[in-house]
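In what follows, a structure is listed as structure tokens, so that the remarks can point back to it.
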Amino acid sequence: MKRYKAHESAVIDEGCEIGEGTSIWHFSHIMPNCKIGNNCNIGQNVVISPEVVLGNNVKVQNNVSIYTGVICEDDVFLGPSMVFTNVINPRSAVNRKNQYLKTIVKKGVSIGANATIVCGNDIGKFSFIGAGAVVVKEVLPYALVVGNPSKQIGWMSEYGHRLDFNEDGIAECPESKEKYQLKNNSVTKL
């Protein structure tokens, strides 16, 4: 018995593991040997390439492409039409399927609409990638990055609010009231 929901127009290939409570919407294609966790939401017209791994509670909005080599940990949000790459120097006439680079998206990351994540660049936990950003290097945990190429312009709380650090390097999330410390260009939750 299926423990997940899939629209009749979705294609799910052999060898996939799909967790309980996951929903897969219209015209999406889950390719062979993917692992999708519990309570995920895969929007319409999504392509998940072979052997991609998604943790629990991952939200994939419409028109997203997730290519082989990508691992998303729990609670990741992938905004509409964002895309990952998996080859650093693609050429149509050159087969580089054995050169896919791995990209790890850590727990709690949000990636905005139309962002591009160039392969081989890990995305730190609870970081926030602005809409349309082009990520070409590693992103630190809790970092807020925007632009093309992306650059860090601040820090974000686990609830998705910009952190304003005082002279002692302490900030408080306005929603959760959790406190964070900035020390040596690194943020930790207290």
Check whether at least one residue in segment 42-59 is modelled with pLDDT of 95 or more, of a type in the set (K, R) and more than 23 Å from A131 (Cβ to Cβ), and report yes or no.
no
Take I123 and tell me if it is buried (at least 21 other Cβ atoms within 10 Å of the Cβ), closer than 24 Å to V52 by Cβ and either in contact with a Lys or Arg (Cβ under 7 Å, 6 or more places away or on another chain) or not hydrophobic (A, V, I, L, M, F, W, C) (or both).
yes
When segment 16-32 is examined, which residues are found to be surrounded by 13 or more Cβ atoms within 10 Å (Cβ to Cβ) and farther than 23 Å from K107 by Cβ?
W25, H26, F27, S28, H29, M31
All positions within segment 1-40 that are more than 17 Å from N62 (Cα to Cα) and not in a loop (DSSP other than H, G, I, E, B)
E17, I18, K35
Here the residues within segment 81-103 that are of a type in the set (V, I, T) and either surrounded by 16 or more Cβ atoms within 10 Å (Cβ to Cβ) or in contact with a Pro (Cβ under 7 Å, 6 or more places away or on another chain) (or both) are V83, T85, V87, T103
Conditions (1) among the β-branched types (V, I, T); (2) surrounded by fewer than 20 Cβ atoms within 10 Å (Cβ to Cβ); (3) modelled with pLDDT of 95 or more; number of the one not met by I129:
(2)
Report yes if some residue within segment 61-72 is of a type in the set (F, W, Y) and either at pLDDT below 95 or surrounded by 20 or more Cβ atoms within 10 Å (Cβ to Cβ) (or both); otherwise report no.
yes
Is it the case, given these coordinates, that L78 is surrounded by fewer than 19 Cβ atoms within 10 Å (Cβ to Cβ) and of a type outside the set (S, T, N, Q)?
no
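The values are calculated or read from the model by the stated rules, or taken from the named source; none is laboratory data. Bear in mind that the values here come from a model prediction, so they are computed numbers and not experimental data. Please note: Cβ atoms are built from the backbone with ideal geometry, for glycine as well, and neighbour counts cover all protein chains shown.
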